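Read through the structure below, which is laid out as structure tokens, and then see the notes.
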Amino acid sequence: ITLDANCFHSCDNIKRVWIDCATVSNSAFRDCTTLTEIVLTDRVTTIEVGAFGNCDALTEVVIPESVTSLSGFSNCDNLVSVTLSENLTEIGDSCFSGSKKLETIDLPDGLQTIGSNAFASSGITKIELPKNVTINSNAFYNCGNIVHVNNLPQCVPDMSVAFYNCVNLQSFDRFPTI
């Protein structure tokens with residue numbers, strides 16, 4: 001079962017949703033500006049691009065252990081807390097881009113991919129990367145508050161732009177080579 005793309009797009013009176021389906025499709029709840037609470041059951045495995053984009057009243061999200069792919073919280077102006085699934089393998093393109101109040105996030109050890117622009121222009125101040133993660137282009141583009149990156153992989157496919165315009169980045173350390 002899937003919540004179709006745009007199915008509740010711009011429904012300004014929705015304040016709370018309880019979701020019990022496998023996939024929350026693209027822009028399903030985009031621009032639901034009064035949405036304050038999302039309850040995701042263990043049946044949810046995928047949250048697609050922009051599913052909850054521009055949900056300005058959303059401050060906290062807990063992603064259940066069943067979710068392995070996440071791409072849905074861009075430009076959530078008041079999002080300050082995200083608890084990720086330990087089974088999450090992919091933070092997709094633009095997942096938290098523009099979420100300026102999101103300052104910290106704990107990434108699961110099994111995370112394999114951070115998509116393009118995943119945290120672009122977000123409020124991230126520091127990040128600890130899992131050992132085998134692939135970081136795509138512009139993943140942390142324009143994160144003006146980021147000051148430290150911990151456990152930067154030895155090989156980042158396009159390092160020249162992964163942290164482009166992170167003007168306050170002061171230090172990073174890498175996993176040791178064996």
Under 8 Å by Cβ, and 6 or more places apart or on different chains, what pairs join a residue from the range 127-154 that is more than 21 Å from Glu86 (Cα to Cα) with one that is among the basic types (Lys, Arg) and not in a loop (DSSP other than H, G, I, E, B)? Ile146/Lys126; Val147/Lys126; His148/Lys126; Gln154/Arg174
Going by what's in this entry, would Thr68 be described as more than 10 Å from the chain's Cα centre (by Cα), over 21 Å from Asn150 (Cβ atoms) and surrounded by fewer than 22 Cβ atoms within 10 Å (Cβ to Cβ)? yes
For Thr59, are the conditions met, namely being touching a residue at least 12 places away in the same chain (Cβ under 8 Å) and over 18 Å from Gly123 (Cβ atoms)? no
Specify the residue that is surrounded by the fewest Cβ atoms within 10 Å (Cβ to Cβ); the eligible residues are those in the range 37-65 that are under 15 Å from Asn26 (Cα atoms) and polar (S, T, N, Q). Thr45
Go through (1) in a loop (DSSP other than H, G, I, E, B); (2) open to solvent by 10 Å² or more (accessible area, probe 1.4 Å) for Val82 and report which single condition fails. (1)
Inside the range 42-79, can you point out the residues that are part of a loop (DSSP other than H, G, I, E, B) and of a type in the set (Ser, Thr, Tyr)? Thr45, Thr59, Ser66, Thr68, Ser71, Ser74
So, in the range 86-139, how many residues would count as being within 21 Å of Asn54 (Cβ to Cβ) and in a loop (DSSP other than H, G, I, E, B)? 25
Ile38 fails exactly one of the following numbered conditions: (1) assigned to a loop (DSSP other than H, G, I, E, B); (2) more than 11 Å from the chain's Cα centre (by Cα). What is the number of that condition? (1)
Filter the range 1-29 down to the residues that are in a loop (DSSP other than H, G, I, E, B) and under 15 Å from the mean Cα position of the chain (by Cα) and list them by number. Asn26, Ser27
Return yes when Leu79 is within 19 Å of Val67 (Cβ to Cβ) and in contact with a Lys or Arg (Cβ under 8 Å, 6 or more places away or on another chain) and no when it is not. yes
Kindly indicate whether any position in the range 161-171 is open to solvent by less than 70 Å² (accessible area, probe 1.4 Å), under 23 Å from Arg30 (Cα atoms) and in a loop (DSSP other than H, G, I, E, B). no
Any idea how many residues of the range 85-103 are among the polar types (S, T, N, Q) and either in contact (Cβ under 8 Å) with a residue 60 or more places away in the chain or open to solvent by 10 Å² or more (accessible area, probe 1.4 Å) (or both)? 4
Can you tell me which residues in the range 120-152 are open to solvent by 10 Å² or more (accessible area, probe 1.4 Å) and of a type in the set (Val, Ile, Thr)? Thr125, Thr134, Val147
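The values are calculated or read from the model by the stated rules, or taken from the named source; none is laboratory data. From a predicted model like this one, the values you see are computed outputs, not experimental measurements. All Cβ positions, even for glycine, are placed from backbone atoms using ideal geometry, and neighbour counts span all protein chains on display. Just so you know, the surface numbers come from the protein's heavy atoms only, side chains and all, with ligands and any DNA or RNA stripped out. Shrake-Rupley method; radii C 1.70, N 1.55, O 1.52, S 1.80 Å.
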